[in-house]
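Just below is one structure, and these are the notes that go with it.
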Amino acid sequence: MKKKIMALCLGAMLSCSAVAMAVTPDAQALSNEQEKAAAWMDVMLVKNKPVDALKMMGSEAQKEIDAAKITSTAQKMANDLGKYKGAQFVAWTRFDQADQMVYFMTFEKEPVVRCVLIFDKQGNLQNFGMNPIKQQENKAQK
């Protein structure tokens, strides 16, 4: 009997917190930006179509970045990082004028790459940056 009551209480607590998060405007913005980030990563990193990825970015980004620049950036990333293997969502930060989304990615040549995506207040992707995280070997293991 105690197990049933405990399970019922746990289910009620989880459903209340999920409902509370689902109704906030921030939750909707996070959801929309995650969808755009996933689609952009698929086009840019998996399908390797940087010009199409540029079209998915916001108008301000398209003014500053041309097709040649994003193509050369994609080629440099492919040379430095290798083939894309996967990504893990880490954090989402909401600022006054922009939102920041952070992912840890895995590539062939670099096991841990920090990817930061910047969105404007309308939810348009404006910029991105990728930084490999170098791991230090433990000297005690040698």
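Considering all C-alpha pairs of region 1-91, those separated by over 21 Å amount to 54%.
The long axis of helix 67-81 is offset from the longest Cα principal axis of the chain by roughly 70 degrees.
Keeping every protein chain present and rolling a 1.4 Å probe, give me the accessible area per residue for the chain in Å². Walk me through the numbers on the way to the answer.
Details: 9720 Å² over 142 residues.
I get 68 Å² per residue for this part.
For the chain, the longest principal axis of the C-alpha atoms and the axis of helix 25-41 are separated by about 40°. Each label point was placed 7 Å from the Cα along the Cα-to-Cβ direction; for residue 13 and residue 67 their separation is 5.6 nm. Provide the FRET efficiency to the nearest 0.05 for the residue 27-residue 59 pair, computing r from the beta carbons and using R0 = 25 Å. The pair residue 27/residue 59 has a calculated efficiency of 0.45.
Site pair residue 42 and residue 79 shows an inter-label distance of 3.0 nm when each label is modelled 7 Å from Cα along Cα→Cβ.
Helix 2-22: angle to the longest alpha-carbon principal axis of the chain, degrees 0 to 90, nearest 10? Approximately 40 degrees, to the nearest ten.
Among the protein heavy atoms, those of residue 15 account for about 60 Å² of accessible surface (1.4 Å probe, every chain in place).
Straight-line reach from residue 47: taking Cα to Cα under 19 Å and skipping same-chain neighbours fewer than 8 places apart, the lysines in range are 36, 55, 69, 76, 83, 85, 109.
The values are calculated or read from the model by the stated rules, or taken from the named source; none is laboratory data. All values derive from a computational prediction rather than experimental measurement. Reconstructed Cβ throughout: ideal geometry from the backbone, glycine too, with neighbour counts over all protein chains shown. Note: accessible area is taken over every heavy atom of the protein model, side chains too, but ligands, DNA and RNA are not part of it. Shrake-Rupley method; radii C 1.70, N 1.55, O 1.52, S 1.80 Å.
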